[in-house]
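All remarks here apply to the structure that follows.
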Amino acid sequence: MTEAFRDRIDIALTVNGEAVEARVPASRHMIDFLRLDLGLTGAHSGCEHGVCGACTIHVDGQAVRGCLMLAAQADGAEVWTLEGLTESGVIRDLQDAFVARNALQCGYCTPGMLASAMDLLEQGGIPDRATIREHLSGNYCRCTGYEAIIDAVEGVAKARAGKETA
């Protein structure tokens with residue numbers, strides 16, 4: 001048995017509502033498992049140190065950095081990527097608000113921003129702009145200056161609470 005084969009781990013998890021079983025290298029990060037093994041390229045691999053937020057995904061209802069989590073840690077977990085969130089319609093209003101307010105430019109940070117914004121919006125209520133900024137502070141955007149992103153998240157929060165349209 002080769003060394004590489006011995007350093008593999010069997011995992012079973014749910015990704016975007018689908019059961020997935022795989023044998024992965026013990027050192028495979030979740031973002032690489034999603035992108036390389038499953039072909040789910042919505043979340044981006046940016047800094048690979050958990051700083052930029054481009055790799056943000058949802059694991060068991062929590063926004064996590066896919067570059068900091070090993071695939072083996074997701075064994076038994078429910079994982080949602082941008083692809084699954086988009087197909088399910090869960091973030092349609094948020095995506096529409098990002099487009100309407102030009103809250104995306106190059107688009108590199110957008111998947112992580114959407115995943116982090118969804119995490120905040122799932123808490124309910126209408127967060128103030130400072131709370132939105134704080135919640136998104138782990139997601140770097142080099143293009144927009146953040147104001148349009150904050151506008152979009154605030155608009156969706158208000159719309160979901162019935163206070164205005166997104």
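The values are calculated or read from the model by the stated rules, or taken from the named source; none is laboratory data. Model, not experiment: these values are computed from the prediction. Cβ coordinates were reconstructed from backbone atoms using ideal geometry, including for glycine residues, and neighbour counts include every protein chain displayed.
Of note:
- Residue check for A97: under 14 Å from the mean Cα position of the chain (by Cα), assigned to a helix (DSSP H, G or I) and either buried (at least 16 other Cβ atoms within 10 Å of the Cβ) or among the charged types (D, E, K, R) (or both): no
- Q123 being farther than 19 Å from A43 by Cβ and not in a helix (DSSP H, G or I): yes
- Assessment of region 110-118 against the conditions (of a type in the set (S, T, N, Q), farther than 16 Å from A159 by Cβ and in contact with a strand residue (DSSP E or B) (Cβ under 8 Å, 6 or more places away or on another chain)) yields at least one matching residue.
- Filter result (in contact with an Asp or Glu (Cβ under 8 Å, 6 or more places away or on another chain) and in a strand (DSSP E or B)) within region 57-77: H58, V59, Q62, A63
- Pick from region 8-55, criterion at pLDDT 90 or above, assigned to a loop (DSSP other than H, G, I, E, B) and surrounded by fewer than 16 Cβ atoms within 10 Å (Cβ to Cβ), ranking: nearest to the chain's Cα centre (by Cα): T41
- Qualifying residue in region 36-44 (condition: over 15 Å from M113 (Cβ atoms) and touching a helix residue (DSSP H, G or I) at 6+ places or on another chain (Cβ under 6 Å)): yes
- Selection of region 100-110 for residues being surrounded by 16 or more Cβ atoms within 10 Å (Cβ to Cβ) and assigned to a helix (DSSP H, G or I) yields only T110.
- Checking each residue in region 68-86 for being farther than 15 Å from S116 by Cα and either more than 14 Å from the chain's Cα centre (by Cα) or hydrophobic (A, V, I, L, M, F, W, C) (or both) picks out L68, M69, L70, A71, A72, Q73, A74, D75, G76, A77.
Rundown of residues vs (1) in contact (Cβ under 8 Å) with a residue 40 or more places away in the chain; (2) in a helix (DSSP H, G or I); (3) surrounded by fewer than 20 Cβ atoms within 10 Å (Cβ to Cβ), yes/no style:
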| position | (1), (2), (3) |
| --- | --- |
| V79 | yes, no, no |
| T86 | yes, yes, yes |
| V90 | no, no, yes |
| G112 | yes, yes, no |
| R133 | no, yes, yes |
| Y140 | yes, no, yes |
| K158 | no, yes, yes |
